[in-house]
Each structure stands twice: as structure tokens, then as C-alpha cells.
1. Counting only residues that are touching a helix residue (DSSP H, G or I) at 6+ places or on another chain (Cβ under 7 Å), assigned to a strand (DSSP E or B) and among the charged types (D, E, K, R), how many does the stretch 189-216 have?
2. Considering each residue of the stretch 171-194, count those that are within 16 Å of Gly216 (Cα to Cα) and either without any contact (Cβ under 8 Å) to a residue 60 or more places away in the chain or not assigned by TED's automatic domain parsing to the domain that holds Ala136 (or both), and give that number.
3. Which is over 28 Å from Thr276 (Cβ atoms) and either of a type in the set (Val, Ile, Thr) or at pLDDT 95 or above (or both), of Val54, Val75, Val17?
4. Please state which of the following conditions His225 fails to meet, knowing it meets all the rest: (1) at pLDDT 95 or above; (2) within 17 Å of the chain's Cα centre (by Cα).
5. Which residue pairs have Cβ atoms closer than 6 Å, lie 6 or more positions apart in sequence or on different chains, and pair a first residue in the stretch 312-328 that is more than 18 Å from Ala198 (Cβ to Cβ) with a second residue that is assigned to a helix (DSSP H, G or I) and among the hydroxyl-bearing types (Ser, Thr, Tyr)?
6. Within the stretch 250-259, track down each residue that is surrounded by 15 or more Cβ atoms within 10 Å (Cβ to Cβ) and either at pLDDT below 95 or on the phi > 0 side of the Ramachandran plot (or both).
7. Quick check on my filter: what residues within the stretch 99-118 are part of a helix (DSSP H, G or I), within 16 Å of Val308 (Cβ to Cβ) and not β-branched (Val, Ile, Thr)?
8. Touching a strand residue (DSSP E or B) at 6+ places or on another chain (Cβ under 7 Å) and hydrophobic (A, V, I, L, M, F, W, C): which single residue out of Ala82, Ala87, Ala32, Ala97 fits that description?
Amino acid sequence: MGLHLADWCRKVGLEVVVACDRDSDRRAVAQAQLPGAVLVERWQDLLEHRLDGVVLANDFDEHAPLAIAFLDRGVHVLSESAACVDAAEGERLIAAADRSSATYSFAENYVAHPHVRLLRRAVEAGELGRISLIEADYLHGMSPAGVAGLIGDPAHWRGRIAPTAYCTHTLSPVLALTDAWPVEVSAFSVDSADPRAAVVMAVRLSTGALALTRHGFLQGEPASHWSWISVRGTRALAESVRADGERSWSVRVRTEGWAAPEGHAREEERVPPPLTLAGEPVPRAAEGTVRVLRAFRATMEHGEPPLVPVRPAVAASLVGVAGAESLANGSRPVPVLAMTTEPGSCSDSS
């Protein structure tokens with residue numbers, strides 16, 4: 001992921017001057033792909049360089065200590081994975097971002113994916129009414145052997161994290177679409193015979209709405225981006241299309257007859273507009289990444305607010321923490337640490 005992001009950084013006009021990896025073979029690959037960049041083995045060595053910003057793409061559950069160190073040096077941070085592993089770490093990260101002259105951005109590309117942006121526009125236009133139920137999936141259809149290879153190795157981060165932890169690809173879009181905070185979480189294993197493979201979380205939001213999120217490994221999901229989101233409001237429904245290929249980025253909107261001016265049910269499928277970069281179309285699956293990196297550049301260069309700032313990043317990550325506690329205690333409801341300011345939302349400006 002680090003090299004993938006480095007490649008897109010250069011495409012959006014950011015200069016990659018230094019990179020870090022503990023593995024010498026990976027550093028050799030990076031040196032070939034990043035001509036002119038300095039390659040180092042220890043992340044602490046990055047602190048010795050004059051940097052405007054840093055992209056953190058290290059292990060899923062090890063981001064906060066690095067983010068805090070760079071924020072304290074006045075370096076803008078784009079963190080690619082979980083913001084924190086517990087409430088105390090989340091509080092330290094928020095404090096570091098508050099006192100820093102630099103900014104913290106969460107590299108949550110699913111907030112900026114085409115289908116989520118279409119859903120956001122329908123919400124902001126008031127088409128759906130008050131949101132009452134929102135569902136979000138981040139699922140992979142894989143063989144049992146493939147799943148075991150990912151989550152069965154305790155030495156790998158996928159093997160050591162809780163099955164609820166990798167939840168930000170659902171929770172961040174949920175928070176962005178609802179402008180809400182998570183209040184309480186109940187988590188359930190999908191299959192008690194294989195409890196780590198897939199989980200469902202019921203999340204009560206500060207607006208009163210309910211979010212149902214599904215994570216892990218279940219069969220039948222489109223291969224394009226593994227994401228499906230449904231938003232039910234008091235007036236209409238909007239949901240991403242379950243399909244392969246291009247249609248999986250589209251959104252179906254249904255307004256019931258009583259709520260439609262013409263007096264009968266109205267249904268349509270909306271297609272997101274293309275995104276271009278240097279005159280070339282950006283692949284749909286990369287649109288979220290491009291928008292995140294463009295927003296990070298605008299934050300560093302022009303002081304634009306982060307696309308997903310620190311408090312929504314911590315809130316989304318702490319849902320996974322509370323979900324793990326719920327799982328360990330018979331799926332009982334567990335409160336989520338309260339945030340102190342309103343959550344950020346996805347923007348159409350990036």
C-alpha cells in the first residue's frame with residue numbers, strides 16, 4: 001500500500017523525497033520505483049528530513065505513535081489505516097492534532113468513492129428525509145483457505161486484530177453520510193462455528209438513527225470495491241447497486257408514491273460523473289485515493305480542512321474497539337467514547 005500511495009502521490013503533484021521500510025528487499029523495489037528518493041530502514045529517520053507531510057502506510061494497528069511524533073514536529077499526517085487501538089491512544093492522538101501546527105488527515109478513501117459521493121448528494125439535497133437506517137458492508141468473497149491465510153497467522157496484523165477492528169471502510173462513510181457520532185455498539189459473530197471470519201455491528205448514532213455494518217469474509221460481493229451502502233430515510237431510499245463492473249459505482253434511488261410530487265413511486269439509477277487527472281480518466285477504484293491525496297495536498301498547501309479529520313477518524317476506529325469488547329461479553333451494548341466537536345463530512349470539492 002505504501003508504494004501504491006507513493007505512485008498516486010506523484011500523479012497528483014506531490015514529490016516523494018524519502019520513504020521507509022524495514023525490509024531490505026522492499027526498499028530495493030521502492031528505490032527502483034521512486035528514483036531520487038532517500039530510502040531508510042527506521043521510521044524515526046524520517047524525522048531528520050525536512051518534510052511538509054508524511055503518509056503512514058505501516059501496519060494497521062501501529063499508526064498513532066508515528067502520527068503523534070510527526071504532528072509534534074509540525075509535519076502534516078495522512079494516516080492510511082486505523083487511527084487508534086483504544087480510547088487512551090485516541091485521546092492522545094486528538095491532543096497531538098489539537099496542539100500541532102500541522103494537521104491530521106485520515107486516508108479513508110471509501111468516504112470519497114463514487115457511490116458514497118452520490119449518496120451524499122442525495123442526503124444533502126433532502127431527497128431522503130431524515131435518515132433512520134443506514135447499512136454498510138465491507139466484505140470479501142474468498143475461499144476458506146484464503147481466509148485462513150489472512151487471519152490465521154498471529155504474526156501478521158490481520159491475525160492479531162479483533163474481527164471488528166477493520167471497520168473504518170463502513171463506519172467512516174456512515175458518519176460522513178449522517179453527520180453523526182457513534183454512541184453505542186453491539187457486535188455479533190455471523191457464524192459461531194467460525195467467529196473471526198465475519199461480524200455484524202449494530203451502531204446507535206447520535207442522531208437517533210441505527211447503522212448496521214458487516215465486515216469480513218462472506219460470499220457473493222462484487223469484486224470491484226467490496227462495498228455496499230444503503231440509506232433509508234423518512235421519504236426515500238438510496239443504495240449502491242449490487243453489480244459487477246461499472247454499475248457497482250452507481251446508486252439506486254427510490255421515492256415512494258406518497259412522497260413523490262407526481263403521486264406514484266419513482267425509481268432511478270444514477271451514474272457518477274468521471275474523474276480525470278491530467279486529462280486522463282481515473283479508474284473508478286482509484287477515485288477515492290486520488291480525492292484523498294488531492295485533499296491532503298490542499299490541506300498542506302492552502303490550509304484547506306482535512307477531508308476526514310482526527311475526531312471522526314478516532315470515532316470510526318473506536319467503534320471497532322467497542323465492538324471487540326461487545327463480542328467478548330456476549331454481544332452486550334458498549335458505549336463509544338464521546339467526541340467533543342461535530343464530525344467532519346465528505347466534501348465534493350476535492
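The values are calculated or read from the model by the stated rules, or taken from the named source; none is laboratory data. Quick caveat, the model's predicted, so the values are computed rather than measured. For neighbour counting, all protein chains shown are included, and Cβ atoms are generated from backbone atoms with ideal geometry for every residue, glycine included.
1. Total satisfying the criteria: 0.
2. 5
3. Val75
4. All conditions pass for His225, except number (1).
5. Within 6 Å, the pairs are Ala316/Thr168; Ala316/Ser172.
6. Result: Thr255, Ala259.
7. Residues satisfying the conditions are Asn109, Tyr110, Ala112, Arg117.
8. On the way: Ala82 fails: touching a strand residue (DSSP E or B) at 6+ places or on another chain (Cβ under 7 Å); Ala87 fails: touching a strand residue (DSSP E or B) at 6+ places or on another chain (Cβ under 7 Å); Ala32 fails: touching a strand residue (DSSP E or B) at 6+ places or on another chain (Cβ under 7 Å).
From the options Ala82, Ala87, Ala32, Ala97, the qualifying one is Ala97.
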